[in-house]
Each structure stands twice: as C-alpha cells, then as structure tokens.
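Step one of this worksheet: look at the structure below.
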Amino acid sequence: MLFSEKTALVTGASRGIGRAIALAFAKEGANVAVIYAGNSAAAGETVEELKALGVKARAWQCDVGDFAAAGAVCKEVIEEFGGVDILVNNAGIIRDGLILSMKEADFDAVVNTSLKGAFNMTKHLYSHMMKKRRGRIINMASVSGLMGNAGQANYAAAKAGVIALTKTTARELAGRGVTCNAIAPGFIRTDMTDKLTDKVKENTIAAIPMKRMGEPEDIAAAAVFLASDAAGYITGEVLRVDGGLCI
Ligand code: NAP
C-alpha cells in the first residue's frame, strides 16, 4: 500500500471530489482527517466508509476560510493522528454570476473558501511539514483558473490564485522535501455541477473532446499519484484532469 502509516488531511471531504480522494487514500492505507463546512450527515457517512476500509478517520467541522479555526483544526489533527503527511486543499464553493450582477459578498465568499482556505491550511501545517522534511500538498484548482470563465470572475480569480499559491509554496518548500502541486479538474459530476441547468451541462459536454463529464474518481487517481513517492520529483505543477477541455 502506498500510504501505510501516513495521515492525509482532506478539506471538503464530506462530498464530491474530496470524498473520492479521502476514500482513494484510505484504500492505500492512509488515515484520514475529513474537514467539512456544515453537512455533518455526509461527513459522518464518509468517516464510516473510511473506517470500513480499516483506517483511522475522524471528521472536523471547520470553515477553512477562518484563519483561527483552520489553525485549531490543524493542531487537533496533529495531536490525534500524530502528524500530517498529505494536505489536500480541496474545499471550494461557487457563487456564479456576471461581474455586472455579482455581489461583493459572493466574490468574497468564493475567494475566502478556495484561496484563503488553501493559504490558511498551508500556513498552519507549513512548519510541521518543514520539520518532518517530507510532505505532500495538493491544491484543487480548476480549468476556470487557467482559462477564465464568463460568469465566474470570483471562482476563476480564486483558482488562478490557487495556482500561484501552489507554485510559490512549491518554491518555498522544495528544499525541505515537501512538494506542492495543483490539480485543475474540468467538468466533474458532483453536487457542485449538479446545480447547473441542463442547457449549460449540454454545452459544456459538447466542448469536451472526450464528450463526457469526469467522475470524482478521475480526480482522486491524480491525487493518489501526486501524493505518492512516484511523484517525488514533481513540484509546482498543474495537472489538468479535464477530458481535453482545456487543450
Ligand atoms: P462539492 O461537491 O460542492 O463539495 C464541496 C465540499 O467542500 C464539501 O465537502 C463542503 O462541505 C466543503 N466546503 C465548502 N465550503 C467549505 C468551507 N468554507 N470550509 C470547509 N469545507 C468547505 O464540490 P466538488 O465538486 O467536489 O469540488 C471540490 C473542489 O474541486 C472545489 O475546490 C471545486 O472548486 C473544485 N472543482 C470542481 C469541479 C467540478 O466540476 N465539480 C471542477 C473544477 C474544480 P459540506 O459538505 O459540509 O458542505
């Protein structure tokens, strides 16, 4: 198993992509700290599924955008699991709308969750990973952060920021045995994309060379690779997993 005796902290692991990553890591032997925003039922189900795979798992409710709360959770996870080897900054939300109609609060909420959340968790685990002289940080970006996307000024800007944060973290920690990479998913079947209208879904699928949505497991497979020893010489990279959408 790739991650025996290792601990992964995955934000946004109650549902969707984060949940698939948590389960894929557990199948490789990792203990998993599940961070979620408010859906206790979903987080509880994920934890039970993780435990059924024979690993240690616990959920923490925490707004990753809250600096102090993020710090408190990181401290508790280190105490409970004995350390963190893999950090996945996956928590994210959408509040779509053209700039003309986008509310300030919607801009702030999206940036606060995706970008500041990733900064907060990285900051609070930075010295811990530095002292261990090994670690993996994986940030969830998006093809929107690479291309921009009409109606997603908040989200695209946050994800572009996540990519710059990834490259900066990679440069700062490369000499300490810690890698930091981003995954840029395309159009993945989760609650986030379920909210879109059928028309938007049809148009998006038509633009994907592979002519289908991705599954959360497609992203989890990339996360397993980036967290593994096999990816030890890869840092500061952005791995698109998008069925060719962004070629
Ligand atoms: P999702 O199904 O909506 O799940 C979002 C997860 O994030 C949930 O676990 C949620 O917790 C958690 N979360 C939301 N706000 C949070 C906060 N402030 N603090 C802590 N946790 C928070 O989303 P998804 O589709 O799996 O997306 C996961 C990541 O992939 C996001 O960063 C998203 O931007 C990115 N992404 C997704 C797609 C796609 O097509 N789905 C494409 C590109 C990138 P609760 O369950 O408690 O609400």
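Principal axes first, then extents: for the Cα atoms of segment 44-89, list largest minus smallest coordinate on each axis, whole Å, largest first.
Taking the Cα atoms of segment 44-89, the three principal extents are 32, 22, 16 Å.
Charges on Cβ only, +1 for Lys and Arg, -1 for Asp and Glu, centred on the Cα centroid of segment 1-126; of A22, A42, N90, which one is farthest towards the dipole's positive end?
A22
Going by a ≥ b ≥ c, the root eigenvalues of the Cα gyration tensor, does segment 13-137 fall in the rounded group (a/c under 1.5), the prolate group (a/b larger than b/c) or the oblate group? Before the final figure, lay out each step's value.
Values: a/c = 2.21, a/b = 1.44, b/c = 1.54.
Taking the square roots of the gyration eigenvalues as a ≥ b ≥ c, segment 13-137 is oblate.
If we restrict to alpha carbons, what Rg and Dmax does the chain come to, in Å?
Rg and Dmax of the chain, Cα atoms, are 16.9, 51 Å.
Cut-off under 27 Å on the C-alpha distance; same-chain residues fewer than 8 positions from K116 excluded. Which lysines are left, in chain and number order?
Once the sequence-local lysines are set aside, what remains near K116 is K6, K75, K103, K131, K132, K159, K167, K195.
By how many degrees, 0 to 90 and rounded to 10, does the Cα axis of helix 40-52 deviate from the longest principal axis of the chain?
50 degrees
In segment 128-247, with Lys and Arg counted as +1 and Asp and Glu as -1 at Cβ, which of these residues, L245, S144, M213, has the Cα nearest the positive end of the dipole, that is, farthest along it?
S144
With a Förster radius of 41 Å, plug the Cβ-Cβ distance of A207 and R176 into 1/(1 + (r/R0)^6) and report the FRET value to the nearest 0.05.
On the way: r = 40 Å, r/R0 = 0.98.
The computed FRET efficiency comes out at 0.50.
Which length gain, in nm to one decimal place, applies between R134 and E76 when the Cα-Cα distance is subtracted from 0.36 nm times their residue separation?
Details: separation 58, 0.36 × 58 = 20.88 nm, distance 2.00 nm.
Separation in residues times 0.36 nm, less the Cα-Cα distance, equals 18.9 nm.
For the chain, give the magnitude of the charge dipole about the Cα centre (Cβ charges: +1 Lys/Arg, -1 Asp/Glu; no others), in debye to the nearest 20.
On the way: 28 positive and 26 negative charges, 119 e Å.
With only Lys, Arg, Asp and Glu charged at Cβ, the dipole is about 580 debye.
Give me the number: length gained by fully extending D198 to Q61, i.e. 0.36 nm times residue separation minus the C-alpha to C-alpha distance, one decimal in nm.
Numbers: separation 137, 0.36 × 137 = 49.32 nm, distance 3.22 nm.
Additional length available on full extension: 46.1 nm.
Rounded to the nearest 20 debye, what is the charge dipole size of segment 38-153 about its Cα centre when +1 sits on each Lys and Arg Cβ and -1 on each Asp and Glu Cβ?
Numbers: 13 positive and 13 negative charges, 135 e Å.
The calculated dipole for segment 38-153 is roughly 640 debye.
Over the chain, with a Gaussian network built from C-alpha contacts below 10 Å, which listed residue (I35, I205, I17) shows the highest mean-square fluctuation?
I205
Over what distance in Å are the Cα centres of segment 185-247 and segment 61-102 separated?
21 Å
Assuming a ≥ b ≥ c are the square roots of the Cα gyration tensor eigenvalues, decide whether segment 206-247 counts as rounded (a/c under 1.5), prolate (otherwise, with a/b larger than b/c) or oblate. Kindly include the intermediate steps, with their values, before the conclusion.
Working: a/c = 4.26, a/b = 1.94, b/c = 2.19.
Here segment 206-247 falls in the oblate category.
Who wins for biggest fluctuation among L50, L173, L196 in a Gaussian network model of the chain, springs between alpha carbons below 10 Å?
L196
Please go through segment 180-247 and write out the trypsin sites (Lys or Arg not before Pro) that DSSP classes as loop and that have at most 15 other C-beta atoms within 10 Å.
Details: sites: R189, K195, K199, K201, K211, R212, R240; in loops: R189, K195, K211, R212.
Qualifying residues, ordered by number: K195, K211, R212.
No value in this document is a laboratory result; all are computed from the given coordinates. Fair warning: this is a prediction, and the values are worked out from it, not measured in the lab. Counting neighbours? That spans all protein chains shown, and the Cβs are built from the backbone with ideal geometry, glycine included.
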